[in-house]
1. Can you tell me which residues in the range 379-410 are free of Cβ contacts under 8 Å to residues at least 12 places away in the same chain and open to solvent by 70 Å² or more (accessible area, probe 1.4 Å)?
2. Would you check which residues across the range 194-220 are assigned to a strand (DSSP E or B) and in contact (Cβ under 8 Å) with a residue 24 or more places away in the chain and list them?
3. Taking helices (runs of 4 or more DSSP H) that do not extend beyond the range 299-418, which have at least 1 residues that are closer than 23 Å to L246 by Cβ?
4. Output the number of the condition that G270 fails; it satisfies all remaining conditions of (1) farther than 26 Å from A189 by Cα; (2) in contact (Cβ under 8 Å) with a residue 40 or more places away in the chain.
5. So how many residues does the range 86-141 have that are at pLDDT 85 or above, crowded, with 20+ Cβ neighbours inside 10 Å and among the β-branched types (V, I, T)?
6. Would you mind finding the one in L11, L18, L76 that is open to solvent by 50 Å² or more (accessible area, probe 1.4 Å), in a helix (DSSP H, G or I) and modelled with pLDDT of 75 or more?
7. Sort through G392, G379 and tell me the only one that's out of contact with any strand residue (DSSP E or B) (no Cβ under 9 Å at 6 or more places or on another chain) and on the phi > 0 side of the Ramachandran plot.
8. Counting just the residues of the range 326-336 that are over 17 Å from L194 (Cβ atoms) and open to solvent by 30 Å² or more (accessible area, probe 1.4 Å), which one comes out modelled with the highest pLDDT?
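The values are calculated or read from the model by the stated rules, or taken from the named source; none is laboratory data. Worth saying up front: this structure is predicted, and the values here are computed from it rather than measured. No Cβ is skipped: glycine too gets one built from the backbone with ideal geometry, and neighbour counts run over all protein chains shown. Ligands, DNA and RNA are stripped out before the accessible areas are found, and what is left, the full protein with its side chains, is counted by its heavy atoms. Shrake-Rupley method; radii C 1.70, N 1.55, O 1.52, S 1.80 Å.
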Amino acid sequence: GRVETVQARVLVLSRCVLALSGLAIIWIDPTGPTQLVEWTYASLAIYCLYSVVLAFMSYGSRWPTPHRAMHWIDVLFFAYLIALTGSANSLYVTFFVYPILVASFSRGFREGIWVTMTSLALFISIGFVLAPIVNQFEVGRILIRATFLLIFGFLISYLGGYERKLRGRLALLKDVNDLWTPRFGVDHAYGVNLERLLEFYDGSSCVLILRRLNPVLEYVMYVAPRGKPGYSKMPSKVDESAAEALLRLPTSLAAYYHDPGGPWWLSYRGYSAYDFDLGVRTQSFQQDCAVWANLLDAKAFVTVPYSQRDGTTGRLFLTTDNSGFNHADIDFLAQVADAMSTVGENMSLVEELISKAAEHERLAISRDLHDTTIQPYIGLKLALDALYREAGNNNSLSTHISEIIAMTEMTVRDLRSY
């Protein structure tokens, strides 16, 4: 999208500014590097050339998302630059912030933390190798800068990961609300949206069970399992007892649940539920959620209510074995369920309009056929009847006229039946 393109352009051009700034620092203050000054100049010049070449290549490719290897190359080069300057007190330690920014805003929180910890480890290792251990003042500077790098790295990683998550959620909601081709039908819309939700969370399965009232009461279920694209577009009917087992919670209640026997990073979260009508959290339905976890064969799941204005109600379930859920996921899935219900209502209305339009068109064709074809045949039959009466029964042509009248009556019956 446009936002990603602008972000990629800013990140690539920032590398050029950073490289030129580093070269300007030692050009204006040549006393900075205490050793290997020529190597420092040459290394920064090569890095400037590298940054400019990357900018031109990215411009020709319309600013794609930076490759993962690029920010790791930056981390290694800045560590090498600190080692060349001969002191961990170098201003170049602040340059580590740039690859942390790139990793966080292009790859998310986890990648940003990895870059932060790697940069921190490299800086501390180089600092203690270059700084005399007996010099407590130098050691204190190293620890202060390491603390600065850790705190700002964590904040940048968190904000970058959060921004990336929000952009992903907005993109998913946009896809869910996209206009659908009526010929695909509402089942196709449900299936594709469940697959999108499953891919977004990298879950194990996504289930939507509905209780429909029109034209008759029925229970249907859409299931999107991992690794089976297209399977969710074929709904299956469910008997009432099995459906009620999955619809046993109040229609205003959303909840997430983690199996206590699961991984240790999930067990501390446990269970929580939220009532949208009352606006409060509750702990009253944990046993029901434990039954659901066993029924869905899932280590962790989150569920939100689903409803349409035509009386259709149901529940949306998302299960996973790899990660956990929280209240932010409940709020987001509630928005997804609302968007899906709007799409389902619109698709049902479109299908009803198409059906009524087809019926209206058939009636129009029937009337046109009656006016243009059947009425002339009826007029022909009446004229033949009059001719038959005028000829009389003893006339030799009466037999032939009666045969033509019979053929006319049969044609009129066939046309009316059609």
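1. L382, R389, E390, N393, N394, S396, L397, T399, H400, E403, M407, M410
2. S205, C206, V207, L208, I209, L210, R211, R212, Y219
3. Where helices (runs of 4 or more DSSP H) fall fully within the range 299-418 and carry at least 1 residues being closer than 23 Å to L246 by Cβ, they are 327-369.
4. In the conditions (1) farther than 26 Å from A189 by Cα; (2) in contact (Cβ under 8 Å) with a residue 40 or more places away in the chain, G270 misses (2) alone.
5. Residues flagged as at pLDDT 85 or above, crowded, with 20+ Cβ neighbours inside 10 Å and among the β-branched types (V, I, T) within the range 86-141 amount to 4.
6. The conditions single out L76.
7. Of G392, G379, the one residue that is out of contact with any strand residue (DSSP E or B) (no Cβ under 9 Å at 6 or more places or on another chain) and on the phi > 0 side of the Ramachandran plot is G392.
8. D331
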